[in-house]
Ligand code: PAF
């Protein structure tokens, strides 16, 4: 495995691989990797000849008062995890945008609610960096986690709309044994905060349990979930259609429950499939 930090070196390596007819798989990340990221690499590994992981804390997707400056970083640890997952190349640029960048990639509709409403401009930052990463890595397939459920839907839409020849694969959300969704941001939590953070998955499980016992009224399902939450501030708790992400009023199809809330200074997200039988 090698780590490249410049665009020129990456482009050169990718050109050589493509000349040999090798297929490229890609897992874009912001680093501080954990078992959730490892599971995405494990999904990609058997599907490609060469596996690239990018590590770049993308300033475009952080709002002015968000955690860009304190976002956790550990390149040496990330390289060890990537090596153990059979990654061929880590692309870890310090700077990724060209001087005078004047292009923003923006997906309408899907980005308006949920995290898009709570974090204005966030998804423009995500789609702009992912489109540029696809341009330079030129992967045939890329894997994104369902932990960022809305992000996955937005990237699928962007890839389809721009006609990018990349197969998008969603990887299941991975939880710690106590149920907390794995996230690089969990490192911010004190032990007491971590205990309260478990209320997010508890709220989602309450929705799933109420649905399994026959509740079809989404207001009642939401109320069941909300009653389990112990957050300092709630950005949203919604039960949505998994394709267009608009809130439902009746559970008349398989749905997704999604939550975003703050525990102290840490914003956490989680989601779960809500079965419809
Ligand atoms: O999910 C993430 O880690 C980021 O949003 C991504 C896709 C790497 C873009 O910066």
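The values are calculated or read from the model by the stated rules, or taken from the named source; none is laboratory data. Since the model is a prediction, treat every value here as computed from it, not as a measurement. Here Cβ is always computed from backbone atoms with ideal geometry, including for glycine, and neighbour counts include all displayed protein chains.
How many of the residues making up the range 120-161 are outside any helix (DSSP H, G or I) and either within 11 Å of the ligand (Cβ to nearest atom) or on the phi > 0 side of the Ramachandran plot (or both)? Adding up the residues that qualify gives 6. When residue 73 is tested against (1) within 16 Å of residue 186 (Cα to Cα); (2) in contact (Cβ under 8 Å) with a residue 60 or more places away in the chain, just one condition goes unmet, and that condition is (2).
State whether the residues of the range 100-111 include one that is touching a strand residue (DSSP E or B) at 6+ places or on another chain (Cβ under 9 Å) and either modelled with pLDDT of 95 or more or under 19 Å from residue 3 (Cα atoms) (or both). No, because not a single residue in the range 100-111 is touching a strand residue (DSSP E or B) at 6+ places or on another chain (Cβ under 9 Å) and either modelled with pLDDT of 95 or more or under 19 Å from residue 3 (Cα atoms) (or both).
Every test in (1) free of Cβ contacts under 8 Å to residues at least 60 places away in the same chain; (2) away from the ligand (no atom under 14 Å from the Cβ); (3) in a loop (DSSP other than H, G, I, E, B) is passed by residue 111 save one, and that test is (2). Remark: pairs (first residue in the range 48-70, surrounded by 15 or more Cβ atoms within 10 Å (Cβ to Cβ); second residue outside any strand (DSSP E or B) and at pLDDT below 95; Cβ separation under 8 Å; 6+ apart in sequence or on different chains) are absent.
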